[in-house]
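Worksheet: the structure to be examined is printed underneath.
The values are calculated or read from the model by the stated rules, or taken from the named source; none is laboratory data. Since we're looking at a predicted model, the values are computed, not measured. Every residue, glycine among them, receives a Cβ derived from its backbone with ideal geometry; neighbour counts consider all protein chains shown. Calculation scope for accessible area: heavy atoms of the full protein, side chains included, ligands and nucleic acids excluded. Shrake-Rupley method; radii C 1.70, N 1.55, O 1.52, S 1.80 Å.
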Amino acid sequence: MSTDPIDAGEAPPQRDTEPVAILLVDDDERNLLALEAVLESPEHLLVKARSAEAALVAVMEQDYAVIVLDVKMPGLSGIELARLIKQRKKTQHIPIILLTAYFREDEHAVLGYDAGAVDYLTKPVHPSVLRSKVGVFIDLFRKTRALAEMNRSMEGEIIDRKVAEERFRVVFEASPSAKLVCTTNGTIVMVNSSAEHLFNRTRHDLQKLALADLLPADTLPNFAAIDESGATLGDSQPTTSAREFVVNRGVSAETPAEVSFTPFQSSEGVRWLASVVDVTERKRAESALRAVNEELAAKNRALEREADERLLRLRAEAAQAEAEAANAAKDRFLAMLSHELRTPLSAVLHSVTLLDEEPNCSPEMRETLGIIRRNVRLEARLIDDLLDLARIRAAKLKLHFEPTDAHAQLTQALETCRAEIERRRLTVTTRFEAVRSELQADPARLQQIFSNLLNNAVKFTPEGGSITVCTHNEGPEDWLRIAITDTGVGLESSKLTSIFDAFEQAGQPGSAGLGLGLAICKALTEFHGGRIAAQSDGPGHGSTFSVSFPGAGQMPAPPIPSTMSATPSVLSKSLRLLVVEDHIDTALSLCRLLSRHGYEIQFAGNMASALELAKTFPADVLITDIGLPDGTGTELFTQLRSSRPHLRGVAISGFGMDEDLARSHAAGFLNHFTKPVDFSLLRGSLAQIEVEMAQPGSPGLKP
């Protein structure tokens, strides 16, 4: 027989055999639908109540085998509703199962049981567990209803009492749960087979005992509440709440059970029916459910940890990408800064060269021009230091190793400092005692290390002081050690390590420079597999900076390049030059220098003008800035060579990173000079081009 759930407040349908009524109370329709799906059965009449008020109306209209009640509801809570139901005599016997989705399980469970609930489940409820629990109460409800009907029948019909009692005995005996009947003093007068099985005793032995011999005292009812005559018994007798205890079945055999008591009127007077239910399977199901819940909780925690770790990894990828983007932006900024700072320096350096070449230039003026030239080169060196630091930090610095004589590089480094040494009247002593001075190194970077250390010594040594440069081999592997000792300001012991940090000043506050030279020296030395260290006896006692490199063993000294077959002073200077530069001061000073030295010049300020000039001016060499207002020097050179394949190119740019030089050489430029350009270097490059073009088989110069 199929039955559909009905709403509380509606009259239940009349049926020949009524199904057992179950009241479902929840303010959420979705939860009610879920409960209906779990408990739907032809033997169940599911009544829905969406509020505590509707539930109270429902329990007054009919009897229920069990109430499944949500704890959390608007207005009157489930626990408060349970108390109201248990306070009414007519409804206090109805078992209540509380449901909750909250995690304060112990607190809510205590409140629920205190309110009279027989069980307390946490959502989501396992369907089999809920059906099992409801099934127990339905069975109990049916048996209790049968017993109640039997008792009422016995009261009304004395003639049928024995028949009814026999019927009771049949039902009693057939009950799947253990049943015991006792008097108001607790003496057992009747038991069923299930009781014999549960307590592991014969019927005869059980009927010799009192309930107190089988059950804990705290589970027994108040027998004195109902007198022997049954005068206080009403039409519907309350069933005491089920209480748990453990049945001792012998040696090492215990069974969890629940017991509830119902008083009833018999021909002998008031009797108490003890219903004992073996809850082993329920406990096992609850334990399994707890294990499943714990497993799910553990998996949830693991998933949360994985999610947290994944989030951390994602953040670390994002942070890395952000850092890489920031580094790229910084590199672009430094490159642009370098370009913008170098370009005006070119105009200054070219103008100084123009003035210095004037025949009427006085010695005092030449000295002043030397100061300007020296400081322009110093400014360019500071820019180079910034770019080198950026390359080092971005791991983009490239070294080109080859056999290199350290003594030769030291000598060249001393020459670059010669003018400042003489100006400050310093005494320089060299003791090149190393027998093996050959290294596998990048010559330019090795000279940069030596120049920075020497410039540092010159900078912090007062006028009239002295500098000593020593070399020697040390250790079984013949490492080369170079020590530069000065009589300068010295160092505090706390700065002997930090002095190699970027932007750390070697001297006193207010020292000139950015504090990058020693940091770059340290990085370049370590890139060569070497070591660098500083020593000092304290302020005012001078300093010694030493670098050590692994030796390359015995090898021949690098060959000295042969002298060029022609020098700028004897060349014809008949090259036709197309100069492209958008910085007007740099362009004017450069064109004047080139014109003074006999070159035929045409000048353009952008790419479009240069392409137009090239139509009528057959240039031999293109001297172009890389960054132009309407394109790049690389694009210009590529277009011009498409129609004049023998055109040579010299790039001049404020961009001097390794990738800038690589792009220029890939485009076919013979040289890439970084601004400010020393005019002697540019003249040397042009002279080399003129020599090559004068060779037999090469496209000739203009007639």
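Descriptive notes on the structure:
- Qualifying positions in the range 496-510 - open to solvent by 60 Å² or more (accessible area, probe 1.4 Å) and either modelled with pLDDT of 90 or more or closer than 28 Å to GLY464 by Cβ (or both): GLN508, PRO509, GLY510
- Qualifying residue in the range 335-355 (condition: over 30 Å from GLU254 (Cα atoms), part of a helix (DSSP H, G or I), touching a Pro at 6+ places or on another chain (Cβ under 7 Å) and among the hydroxyl-bearing types (Ser, Thr, Tyr)): yes
- Condition check for GLU357: open to solvent by 90 Å² or more (accessible area, probe 1.4 Å), over 30 Å from PHE199 (Cα atoms) and among the acidic types (Asp, Glu): no
- Where PRO676 falls short, out of the listed (1) open to solvent by less than 30 Å² (accessible area, probe 1.4 Å); (2) more than 25 Å from LEU355 (Cα to Cα); (3) assigned to a loop (DSSP other than H, G, I, E, B); (4) not aliphatic (A, V, I, L, M): (2)
- Hits in the range 461-482 - residues which are of a type in the set (A, V, I, L, M, F, W, C) and within 47 Å of the chain's Cα centre (by Cα): TRP479, LEU480, ILE482
- Considering only residues in the range 617-672 that are hydroxyl-bearing (Ser, Thr, Tyr) and without any contact (Cβ under 8 Å) to a residue 40 or more places away in the chain, the one that is least open to solvent (accessible area, probe 1.4 Å) turns out to be SER664.
- In the set (1) surrounded by fewer than 17 Cβ atoms within 10 Å (Cβ to Cβ); (2) modelled with pLDDT under 90, GLN535 fails one condition alone, (2).
- Those residues of the range 289-299 which are free of Cβ contacts under 8 Å to residues at least 40 places away in the same chain and under 18 Å from GLU244 (Cβ atoms), in sequence order: ARG290
- Positions within the range 472-488 being in contact (Cβ under 8 Å) with a residue 24 or more places away in the chain, open to solvent by 20 Å² or more (accessible area, probe 1.4 Å) and on the phi < 0 side of the Ramachandran plot, in sequence order: HIS472, ASN473, GLU474, GLU477, TRP479, ARG481, THR485, THR487
- Selection status of ALA610, part of a helix (DSSP H, G or I), surrounded by 19 or more Cβ atoms within 10 Å (Cβ to Cβ) and modelled with pLDDT of 90 or more: yes
- Members of the range 476-489 that are out of contact with any Lys or Arg (no Cβ under 9 Å at 6 or more places or on another chain) and farther than 24 Å from ASN455 by Cβ: PRO476, GLU477
- Restricting attention to the range 573-587, the residues that are free of Cβ contacts under 8 Å to residues at least 60 places away in the same chain and open to solvent by 60 Å² or more (accessible area, probe 1.4 Å) total 2.
- Breaking point among (1) in contact with a Gly (Cβ under 6 Å, 6 or more places away or on another chain); (2) modelled with pLDDT under 85, for ILE159: (1)
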